[in-house]
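*Asks:* Take this structure, written in structure tokens, and hold onto it; I'll ask about it next.
Only the coordinates and a few stated rules stand behind these numbers; no lab work does. All values reported here derive from a predicted model rather than from experimental measurement. Every residue, glycine among them, receives a Cβ derived from its backbone with ideal geometry; neighbour counts consider all protein chains shown.
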Amino acid sequence: MRSVDSNAIFMVDYETDTSVVREYVTTIDYNKLLSDERNGMIRIMNHTRIGSSAEKA
């Protein structure tokens, strides 16, 4: 079974019909953006996993 870090933070650049957006999102929100891309609503141009709130400094 694949483990998913639900505490991860992503920086995502994506394009809508009218603008380009850069957002910092959680794993749940990132998965929603991926779904929107599959449905043709947005186009993800770049994404970077920044880290996890569960990681120790």
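*Asks:* Report the local net charge at Arg43: Lys and Arg +1, Asp and Glu -1, summed over other residues whose C-beta lies under 12 Å from its C-beta.
*Replies:* Details: positive: Arg38; negative: Asp13, Glu15, Asp17, Asp36, Glu37.
My count for the surroundings of Arg43 gives -4.
*Asks:* Find out how many positive minus negative residues lie around Thr16, taking Lys and Arg as positive, Asp and Glu as negative, among other residues whose Cβ is under 13 Å from that of Thr16. Write down the numbers at each step before the final one.
*Replies:* Working: positive: Arg22, Arg43; negative: Asp13, Glu15, Asp17, Glu23, Asp36, Glu37.
That sum, taken over residues with Cβ under 13 Å, equals -4.
*Asks:* What residues qualify as long-range amide H neighbours of Ile42, i.e. H under 5 Å apart, gap of 5 or more or another chain, H built at 1.01 Å from N?
*Replies:* Glu37
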